[in-house]
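Reading through the structure tokens given below for one structure.
The values are calculated or read from the model by the stated rules, or taken from the named source; none is laboratory data. This structure is a prediction, so every number in the text was calculated from the model and none was measured. Here Cβ is always computed from backbone atoms with ideal geometry, including for glycine, and neighbour counts include all displayed protein chains.
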Amino acid sequence: MTKFSEQFSRRKFIVTAGASAVSTILLKGCLGNPPEPGATAGAGGSTNAGSGTVPAATSAVAVANEKRVEGIETTKVILGYIPIVEAAALIIAKEKGFFAKYGMTEVEVAKQANWGSARDNLEIGSAGGGIDGGQWQMPMPYQISEGLITKGSVKIPMYVLAQLNTQGNGIAIAGKHKGKGIGLKLDQAAQDYMKGLKKAGTPFKAAYTFPKANQDFWIRYWLAANGIDPDTEAELLTVPSAQTVANMKTGSMDGFSTGDPWPLRIVQEDIGFMSALTAQIWKDHPEEYLAMRSDWVDKHPKASEAMLAGLIEAQQWCDKPENRPELVAITSGRNYFDVPPAVLTPPYQGKYMMGDGQPEIDDFKMSPLYWKDDLGNVSYPYKSHDLWFLTESVRWGFLPTNTLVDSKTIIGKVNREDLWKAAAKLAGVTDADIPKSTSRGIEKFFDGKEFNPEKPEDYLKSLTFKKV
Ligand code: CA
């Protein structure tokens, strides 16, 4: 989405797509029918050079406008996504017609080159050829709202509207460290080995694709819980995922905080092994979110509700085990993740090869989940989870300590769980499935630590490594 010519061709497509939106959606539902070129482009791939056909859907799509929201301000919105499993529900909402069912017949899901590009495109906004919102790691919507990661520190207020998924991430370790006992928990010998790397002048070097957000937090949490100070006894840095994998092959990178389908590829291609899945570090943890420019939501409240209702239905669809083969077929397509379906199938069944002699995992509840997990609702954006991301930001010195004093105000401005609840009602979610509290309560981690959202300071006090 960075080249003007690509933006132009995409804008042009939107104009032509309006008239045929319904037929496009129906066409995609036909078994074995490759979508027409125009439909392919609209399905998120217009910026993806050499886009091919999306694998055929195997069952019917929702009926466009069946539950069209009355007085909807627009039928269009452009949502950015990164081609990893976190984006699946956005893609399914588009492909299976759930957005269109509520009247959002011209939603575009636009592949972003990386998190930095997504941020840049949000700054531009759809009017300038960018995006209105989409998929984010936390606390990016907060960082953008506060102007902490934008050009010229411009504040671009954003709203967090839903959580997209839980789990589906992990920590990969380069093959050269096999046989050292580097798993979820490190014994003394393994800790000494890791610390010894630093003493030898070759510190454990680990990558994430964007700093001060989920991937950075997961690897920091895992290292610190295992007695290794991520700031002084390891080296963490931002590297594009493809480059990280290449560097892990050559041995110049030691670790990689990453999401499905990379973990399977790393083990299968013998680049390395998995030390931990995030589902092991913090079962049912918050992962990525749908967040929008608040000016877009404020201008289009009904369209926002319609879009959210479509997303909620898509998330419900994604969590039915019987739909996962079709989920794989759609998302693996060249327009979307562009990976062989075989690398997506095992994680979507909850099957993980960990490598390095560790037992394999085979549990659907360890897979990426989109609607429900053992602790409650996945889609609902708990304020207590936003608070954990802000607290962890304070822990590592990414945000000032007084963030916690002002946290209620800060979160109140960005987290719009009220909009989620309205959309859930529209989507027919029963009262029993709508959380009663904005807090999920006390959160538990693999090392025995607890985060009580009522007392974030106690959590910080309980931790050995921190910068506060
Ligand atoms: Ca992630």
>> Can you tell me which residue is modelled with the lowest pLDDT among those in segment 207-231 that are within 14 Å of the ligand (Cβ to nearest atom) and among the aliphatic types (A, V, I, L, M)?
In response: Ala207
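Within segment 288-298, identify whether any single residue is over 23 Å from the mean Cα position of the chain (by Cα) and not basic (Lys, Arg), and answer yes or no. So that I can check it myself, show each step before the final result.
So in segment 288-298, the residues over 23 Å from the mean Cα position of the chain (by Cα) come out as 298.
If we keep only those that are not basic (Lys, Arg) as well, we get 298.
Scanning segment 288-298 turns up at least one residue that is over 23 Å from the mean Cα position of the chain (by Cα) and not basic (Lys, Arg).
How many of the residues in segment 64-102 are away from the ligand (no atom under 16 Å from the Cβ) and either crowded, with 24+ Cβ neighbours inside 10 Å or assigned to a strand (DSSP E or B) (or both)?
So in segment 64-102, the residues away from the ligand (no atom under 16 Å from the Cβ) come out as 64-79, 92-102.
The next check asks that each one be either crowded, with 24+ Cβ neighbours inside 10 Å or assigned to a strand (DSSP E or B) (or both); those that pass are 76-79, 92-102.
Number of matching residues: 15.
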> With respect to the numbered conditions (1) modelled with pLDDT of 95 or more; (2) under 20 Å from Ala89 (Cα atoms); (3) surrounded by fewer than 21 Cβ atoms within 10 Å (Cβ to Cβ), which one is the sole condition not fulfilled by Val429?
Replying inline: (3)
> Identify, please: which residue in segment 393-444 is out of contact with any Lys or Arg (no Cβ under 9 Å at 6 or more places or on another chain), free of Cβ contacts under 8 Å to residues at least 12 places away in the same chain and basic (Lys, Arg) and is, among those, nearest to Asp298 (Cα to Cα)?
Replying inline: Lys425
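From the set of residues in segment 176-196 that are of a type in the set (A, V, I, L, M, F, W, C) and surrounded by 18 or more Cβ atoms within 10 Å (Cβ to Cβ), which is farthest from the ligand (Cβ to nearest atom)? I'd like the intermediate steps shown before the answer.
Let us first name the residues in segment 176-196 that are of a type in the set (A, V, I, L, M, F, W, C), namely 182, 184, 186, 189-190, 194.
From what's left, surrounded by 18 or more Cβ atoms within 10 Å (Cβ to Cβ): 182, 184, 186, 190, 194.
Working: Ile182: 21, Leu184: 18, Leu186: 23, Ala190: 25, Met194: 24 Å.
The selected residue is Ala190.
So that you can scan it fast, the table gives a plain yes or no per residue for (1) basic (Lys, Arg); (2) at pLDDT 95 or above; (3) in contact with an Asp or Glu (Cβ under 9 Å, 6 or more places away or on another chain); (4) part of a helix (DSSP H, G or I):
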{"position": "Ala276", "(1), (2), (3), (4)": "no, yes, no, no"}
{"position": "Gln280", "(1), (2), (3), (4)": "no, yes, no, yes"}
{"position": "Leu290", "(1), (2), (3), (4)": "no, yes, no, no"}
{"position": "Met307", "(1), (2), (3), (4)": "no, yes, no, yes"}
{"position": "Ile312", "(1), (2), (3), (4)": "no, yes, no, yes"}
{"position": "Glu326", "(1), (2), (3), (4)": "no, yes, no, yes"}
{"position": "Ala342", "(1), (2), (3), (4)": "no, no, no, yes"}
{"position": "Tyr348", "(1), (2), (3), (4)": "no, yes, yes, yes"}
> What residue, of Asp458, Asp418, Asp386, is out of contact with any Gly (no Cβ under 8 Å at 6 or more places or on another chain), surrounded by fewer than 17 Cβ atoms within 10 Å (Cβ to Cβ) and within 30 Å of Trp317 (Cβ to Cβ)?
Replying inline: Asp418
> Looking at segment 123-142, which of the residues that are among the hydrophobic types (A, V, I, L, M, F, W, C) and surrounded by fewer than 21 Cβ atoms within 10 Å (Cβ to Cβ) is farthest from the ligand (Cβ to nearest atom)?
Replying inline: Ala127
> Within segment 258-271, is even one residue within 24 Å of the chain's Cα centre (by Cα), in a loop (DSSP other than H, G, I, E, B), touching a residue at least 40 places away in the same chain (Cβ under 8 Å) and within 15 Å of the ligand (Cβ to nearest atom)?
Replying inline: yes
